[in-house]
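Every number here is computed from the coordinates shown, using simple stated rules; none is lab data. Because the structure is a prediction, the values reported are computed rather than measured. Because the Cβ atoms are built from the backbone with ideal geometry, glycine has one as well, and the counts that use them run over all protein chains shown.
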Amino acid sequence: MGPRIKLRIGKSTVFKTLVILFASACVIPLLAILGYIIKEGITKINWSFFVNVPKPVGEAGGGIANALVGSFIIVGVAAIMAIPVGILSGIYLSENKTSKLAYWSRLSVDILQGVPSIVIGIVVYFWIVKPIGSFSAISGSVALAIMMLPIIVRSTEETLKLLPDTLKEAALALGMPYHRMILKVILPCGIGGILSGVMLSVARIAGETAPLLFTAFGNPYLSTNITKPMHSLPLLIFNYATSPYDDWHNLAWGASLILLLWVLLLNIITKLTTRKWNIQL
Amino acid sequence: MEHTIVRTEKFNAYFGANHVVKDVNISIPKNNVVAVMGPSGCGKTTFLRCINRMHELIAGATCEGEMLLNNEDVYDMHPIFVRLKIGMVFQRPNPFPNLSIYDNVIAGYKLNGIKMAKAEKDKIVENSLSRAALWNEVKDSLHKKGTFLSGGQQQRLCIARAIAMEPEVLLLDEPTSALDPISTASVEELLFELKKNYTLIIVTHNMQQAARVSDRTAFFYLGELVEYDDTKQMFTNPKDTRTQNYITGRFS
């Protein structure tokens, strides 16, 4: 072996080592965050943590029931608003690749994805909160739904684009009308990808704080009325972590752990559903 | 005289400005196998797709002239109705990947929302799969996904799916081009059987196949129907020099 070959092999080894090193480095932040939150949060979690609302300063105990229920309602309502619109737009974009409307809606969806969440929050504040004259959970849901939309639209579009045209032809050649072809053939075949897009969008917005600051606003009591202010996990964390009281810090740590577990769980469910619903073409 | 089921009168098809099928006049007798052959790009597949109005689904595709099914112009009927009467089998097997073998066969009913009793469905499934020579191979795994089958079995499943709708005409677009020789032989054998109940129009690239399976053969060249005759006549004594050149392999 000549020295040139040895040098090349040496360079290649160095390069490989670097790639592996940096690939492992990506895992470190996640593990560090997980470890820290679990360490701080796990001791604060018990039964009363889930069923009680926060106690006034100075009283021990108290929980995050109001924020937990609030988060479920706000995110749930946002999902109900965003999922049908998102999936239908995704179908339109995958079916009409070149139309003018497709071009503009694809562009707007891409830009929407980049709009800072606080800007969406302030816009919804001026659209809904101000005219109505009160903070409300529903306005928070609208803000979150706007944030979910681009993720659902693009994942639906990308999934359906991968389905072969022969599948559509098979359906149409059997005399199937267009709407039945979409509902009975195209959607079921792409359901894995569509569901995973929906789950990821839910995971993505579950921790959003900024758009809720001046929409859902927060509420120290348990509320299920979506026209009234409502608490949510990220809001609770924001409010309590910045407070000067140890009791409230504890609640914030516990809530952080719950939120993190929620997002993790959604990601795991997404992986499992994609595997289970994956259709072999 | 034989009963004519499909007839065209000065039929033309276009992709945008591209004229791909030119002034075709043809009559196809009932319960015959008609092979449509010709070199690549001669318009044979386009012509086939015009018969059940699949051609118009492509952006920019148009056609003119008369395309008659039992003396009624298919372009005056609703495309959905046309496609129920004229079934189609594609080049590549395309069973619905989300459905079982059983549901694939009755897909035309099930996905169109036609409700049927279980016994009736069972009968259609068994009947169609038997006629597609697939029943014995799949009768114990009817509820497995159709995509688990081999390529040749998938293609026969697609044939079963098409004939389950009891169409009057069955169009086959190079149905064996993606299959191995053994599967090809079994699909070809099947065509003989199917001819008893249906009229088959098969596009093929392969002259031997046209000679083996068909009663009549149409030869397309550059969008024109050059010659249309009894298969035997066509292969032993072609009238047009272009046909002769093609079947003797002087161009392909």
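For a label point 7 angstrom out from the Cα of residue B:178 toward its Cβ, which stretches of the range A:144-169 have the backbone nitrogen within less than 20 Å?
Residues A:160-169 fall inside that zone.
Given points 7 Å out from each Cα along the Cα-Cβ axis, report the residue A:32 to residue A:222 separation in nanometres with one decimal.
Going from the residue A:32 label point to the residue A:222 one covers 3.9 nm.
Hey, how many Å between the Cα centroid of the range A:18-59 and the Cα centroid of the range A:198-276?
Centre-to-centre distance over Cα atoms comes out at 13 Å.
Based on the alpha-carbon gyration tensor of the range A:62-277 and its eigenvalue square roots a ≥ b ≥ c, which shape applies: rounded if a/c is under 1.5, prolate if not and a/b is larger than b/c, or oblate? All intermediate terms of the calculation are to be shown ahead of the outcome.
Details: a/c = 2.74, a/b = 1.93, b/c = 1.42.
Prolate, since a/c reaches 1.5 and a/b exceeds b/c.
Expressed in nm to one decimal, what extension gain is obtained for the pair residue A:267 and residue A:107 from 0.36 nm per residue of sequence separation less their Cα-Cα distance?
On the way: separation 160, 0.36 × 160 = 57.60 nm, distance 2.73 nm.
Stretched out fully, the residue A:267 to residue A:107 stretch lengthens by 54.9 nm.
Rounded to the nearest 20 Debye, what is the dipole magnitude of chain B about its Cα centre when Lys and Arg each give +1 and Asp and Glu each give -1 at the C-beta? All intermediate terms of the calculation are to be shown ahead of the outcome.
Values: 29 positive and 29 negative charges, 119 e Å.
In total the dipole reaches around 580 debye.
By counting other Cβ atoms within 10 Å of each Cβ, how are B:143, A:231, B:78 ranked from fewest to most? Each step should come with its number before you reach the end.
On the way: B:143 9, A:231 29, B:78 12.
Placing the least packed residue first, the sequence is B:143, B:78, A:231.
Length gain on complete extension for the stretch residue B:208 to residue B:116, per 0.36 nm per residue less the alpha carbon to alpha carbon distance? Can you show the working numbers first?
Values: separation 92, 0.36 × 92 = 33.12 nm, distance 4.21 nm.
Using 0.36 nm per residue and subtracting the Cα-Cα distance, I get 28.9 nm.
For the protein assembly as shown, what is the charge dipole size about the Cα centre, in debye to the nearest 20, if Lys and Arg each add +1 at the Cβ and Asp and Glu each add -1 at the Cβ? Intermediate results must be reported in sequence, preceding the final value.
Working: 51 positive and 40 negative charges, 284 e Å.
Charge dipole, the protein assembly as shown, about its Cα centre: 1360 debye, nearest 20.
Shielding by partners for B:91-99, please: the mean number of other protein chain Cβ atoms within 10 Å of each residue's Cβ. Before the final figure, lay out each step's value.
Details: counts 1, 2, 2, 10, 2, 9, 9, 13, 5.
Shielding by partners across B:91-99 averages 6.
On average, how many beta carbons from a partner chain sit within 10 Å of the beta carbon of a residue in A:157-166? Display every interim value, and only then the final one.
Numbers: counts 0, 0, 0, 0, 0, 0, 1, 3, 3, 5.
Per residue, the average neighbour count from other chains is 1.
Let's test the formula: R0 of 35 Å, r as the Cβ-Cβ distance of residue B:196 and residue A:162. What FRET efficiency results, to the nearest 0.05?
Details: r = 41 Å, r/R0 = 1.16.
Efficiency for this residue pair is about 0.30.
Charges on Cβ only, +1 for Lys and Arg, -1 for Asp and Glu, centred on the Cα centroid of the protein assembly as shown; of B:12, A:60, B:151, which one is farthest towards the dipole's positive end?
A:60
Of B:84, B:172, B:57, A:251, how do they rank once you tally other Cβ atoms within 10 Å and put the fewest first?
Numbers: B:84 21, B:172 28, B:57 14, A:251 25.
Least to most surrounded, the residues fall as B:57, B:84, A:251, B:172.
Could you line up A:253, A:47 from fewest to most neighbouring Cβ atoms inside 10 Å? It would help to have the intermediate numbers written out before the result.
Details: A:253 23, A:47 8.
Ordered by Cβ neighbours within 10 Å, fewest first: A:47, A:253.
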